[in-house]
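Please read the structure below before turning to the comments.
The values are calculated or read from the model by the stated rules, or taken from the named source; none is laboratory data. Since this is a predicted model, take the numbers as computed values, not measurements. Cβ placement follows ideal geometry from the backbone for every residue including glycine, while neighbour counts extend to all protein chains displayed. Just so you know, the surface numbers come from the protein's heavy atoms only, side chains and all, with ligands and any DNA or RNA stripped out. Shrake-Rupley method; radii C 1.70, N 1.55, O 1.52, S 1.80 Å.
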Amino acid sequence: MTGDTHNTEGDLVVSEADVGQTSNVTAPRERILVIKLSALGDVVIAMGAFAAIRAAHPDAHITVLTTRLYVDLMKASGFFDAVAIDRRPKLTNVREVLALRRFLRNSNFDRVYDLQTSDRSGFYFKLLWPGEKPEWSGIARGCSHPHANPDRDNMHSIDRIADQLAYAGISEVPEPSIAAPDIDLERFGIRSPYVLICPGGAPHRPAKRWPAERFGLLAKQLADYRLTPVLIGTEKESAELAKIDGMCPKARNLMGRTGFLDIAALAARSVLAIGNDTGPMHIAAAAGAPSIVLFSRESDPKKSAPRGIGENAVSIIRENDLRELTAARVMDEVRRRLDLEE
C-alpha cells in the first residue's frame, strides 16, 4: 500500500493511498471514517475490526483517523484508502480543534466507526454540530448506532469491538492479524532458530514488567538449547536490555532498530515470542508467533490478552507480583510449547 502525504484543511495531514480495489464503481463512493487513535495494543486488537469494516464496505473510500505513531501500520494493513493524522489537540488549542472540525465536517462522511470510544472521540461527534451528522457507531450520546450493551466494559477488547460492530450491522469480525512483510535476518545479524523477547512496557506502569534479571536467566537457558534470544525495545528500555545482554552474551540486542512492521516480520519467523503485557507482544501474536505473555495484577488477561492466530496460540502466565515469578516457571512453559527435553 503506497501513497503520498499532503495537507488538508491547513493542519490535518492525510496520506492518500491506493488499496488495490478492482471494482468499477460508477455511483459516488460511500465515504467511511474509522477512528482509532491509540494505544499500540489496542490498535493491533482492532485489526480484525478493520478487516470487517472493509469487507462490509468493499467499494467505499475509507479513511482512518489515528496518531502519527501508527501511520505505517495502518498503511500496511491494506484496509484504508487514506490515513488522517490526529494531533490530539487540547481544547484550548482553538486553531487545531477548528482544523479537526473542518476535516470532520467537510469530508462528508456517510458513516463513522468510532473504535476509540473515549471522551475525546465522543467530543469529535459533538464537533459535527450543528447540521446533519453522519451515521455514527460508538458510545457518543445521540449517535445513530450506539453500542448499548451494558456489559461492554467487562468484555475482552476484541469481543467488545466485535459486539459494537454487530450493533452497527457487521456480524462477521475475524481475529486480529498482521501480514508480516518479508525480512532479511542477516540485516539484524540473526540466524534461526530464535526466540523474540519483549522485556519492556509502559514506563509509568513498572509493575507490568518482569524483572530484567529474570529475563536474563531465561535468555541463558534458551541459549543452552541453541535458541538465540533476540531482544527488542526502545531506548527507554536500554537499562533492562543491557542487563539481559550482559547476562547472556549469545543474545542479540536490537534496541531501537525495530519498527512495528519489523517486529511483526521478526515474530513471524521466530519459534516463540515471550514478553510482558505490552504492545509489541500484541504485534507478535497477531503476526502468528506462538507467544507467552506475562501478566501481573496490573492488567486483566480476560480483557486485554493477545489471542494470536489459531487455537492455543498464546499462553498466559499470571503472577500478582511479577517479582515473584521465577525464570524456571516460564522456562517450563517454553519447554512445553517447543517440546524441549529438560
query = Being in contact (Cβ under 8 Å) with a residue 60 or more places away in the chain and not in a loop (DSSP other than H, G, I, E, B), is that true of even one residue in segment 145-153?
reply = no
Lone unmet requirement of (1) in contact (Cβ under 8 Å) with a residue 40 or more places away in the chain; (2) in a helix (DSSP H, G or I) for Arg329 = (1)
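Pull up segment 87-97, narrow it to residues that are hydrophobic (A, V, I, L, M, F, W, C) and within 13 Å of Tyr124 (Cβ to Cβ), then point me to the one that is surrounded by the fewest Cβ atoms within 10 Å (Cβ to Cβ).
Pass one, segment 87-97, residues hydrophobic (A, V, I, L, M, F, W, C): 91, 94, 97.
Filter again for within 13 Å of Tyr124 (Cβ to Cβ), leaving 91, 97.
Numbers: Leu91: 9, Val97: 17.
Selected residue: Leu91.
Would you mind stating whether Leu222 is open to solvent by less than 10 Å² (accessible area, probe 1.4 Å) and outside any strand (DSSP E or B)?
Details: open to solvent by less than 10 Å² (accessible area, probe 1.4 Å): yes; outside any strand (DSSP E or B): yes.
Yes, satisfied.
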message = Looking only at segment 247-274, count every residue that is open to solvent by 20 Å² or more (accessible area, probe 1.4 Å) and under 21 Å from Glu213 (Cβ atoms) and tell me the total.
response = 6
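Matching residues to (1) among the β-branched types (Val, Ile, Thr); (2) not in a helix (DSSP H, G or I):
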{"site": "Ala52", "(1), (2)": "no, no"}
{"site": "Asp59", "(1), (2)": "no, yes"}
{"site": "Arg88", "(1), (2)": "no, yes"}
{"site": "Val97", "(1), (2)": "yes, no"}
{"site": "Gln116", "(1), (2)": "no, yes"}
{"site": "Phe123", "(1), (2)": "no, no"}
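Mind listing just one residue for me: the one in segment 32-71 that is among the basic types (Lys, Arg) and crowded, with 19+ Cβ neighbours inside 10 Å and, of those, farthest from Leu261 (Cα to Cα)? It would help to see each step written out before you state the result.
Restricting attention to segment 32-71, the residues satisfying the condition of being among the basic types (Lys, Arg) are 36, 54, 68.
Next, from what is left, pick out any that are crowded, with 19+ Cβ neighbours inside 10 Å: 36, 54.
Numbers: Lys36: 18, Arg54: 21 Å.
Looking at the filtered set, the residue picked out is Arg54.
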Among (1) open to solvent by 60 Å² or more (accessible area, probe 1.4 Å); (2) free of Cβ contacts under 8 Å to residues at least 60 places away in the same chain; (3) within 19 Å of Arg329 (Cβ to Cβ); (4) hydrophobic (A, V, I, L, M, F, W, C) - the single one Ile244 does not satisfy = (1)
key: Condition broken by Phe103, with the remaining ones in (1) crowded, with 21+ Cβ neighbours inside 10 Å; (2) closer than 22 Å to Ile161 by Cα; (3) in contact with a strand residue (DSSP E or B) (Cβ under 6 Å, 6 or more places away or on another chain) satisfied   = (2)
query = Assuming Arg102 fulfils every condition listed in (1) of a type in the set (Lys, Arg); (2) in contact (Cβ under 8 Å) with a residue 24 or more places away in the chain; (3) outside any helix (DSSP H, G or I) apart from one, which condition is it?
reply = (3)
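Here is a yes/no grid of residues against (1) open to solvent by 60 Å² or more (accessible area, probe 1.4 Å); (2) more than 26 Å from Ile158 (Cα to Cα):
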position	(1), (2)
Phe215	no, yes
Thr234	yes, yes
Ala239	yes, yes
Asn276	no, no
Pro301	no, no
Arg307	yes, no
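Would a scan of segment 302-323 turn up a residue that is part of a helix (DSSP H, G or I) and within 20 Å of Ile178 (Cα to Cα)? Outline the logic, then answer.
First, the residues of segment 302-323 that are part of a helix (DSSP H, G or I): 302-304, 322-323.
Checking which are within 20 Å of Ile178 (Cα to Cα) leaves us with 304.
Looking through segment 302-323, at least one residue is part of a helix (DSSP H, G or I) and within 20 Å of Ile178 (Cα to Cα).
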Failed item in (1) closer than 27 Å to Leu37 by Cβ; (2) in a loop (DSSP other than H, G, I, E, B), with Ala273 passing the rest = (2)
task = Looking only at segment 171-192, count how many residues are open to solvent by less than 30 Å² (accessible area, probe 1.4 Å) and in contact with a Ser or Thr (Cβ under 9 Å, 6 or more places away or on another chain).
result = 4
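For segment 133-144, how many residues are buried (at least 17 other Cβ atoms within 10 Å of the Cβ) and part of a strand (DSSP E or B)?
Looking only at segment 133-144, we keep the residues that are buried (at least 17 other Cβ atoms within 10 Å of the Cβ), and these are 133-134, 136-140, 143.
Then drop every residue that is not part of a strand (DSSP E or B), which leaves 136-138.
Here the count works out to 3.
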ask   = When the residues of segment 115-132 are filtered to those that are modelled with pLDDT of 95 or more and among the charged types (D, E, K, R), which remaining residue is least open to solvent (accessible area, probe 1.4 Å)?
value = Arg120
message = Just to verify a result, which residue in segment 72-86, among those that are over 20 Å from Leu104 (Cβ atoms) and not in a loop (DSSP other than H, G, I, E, B), is least open to solvent (accessible area, probe 1.4 Å)?
response = Leu73
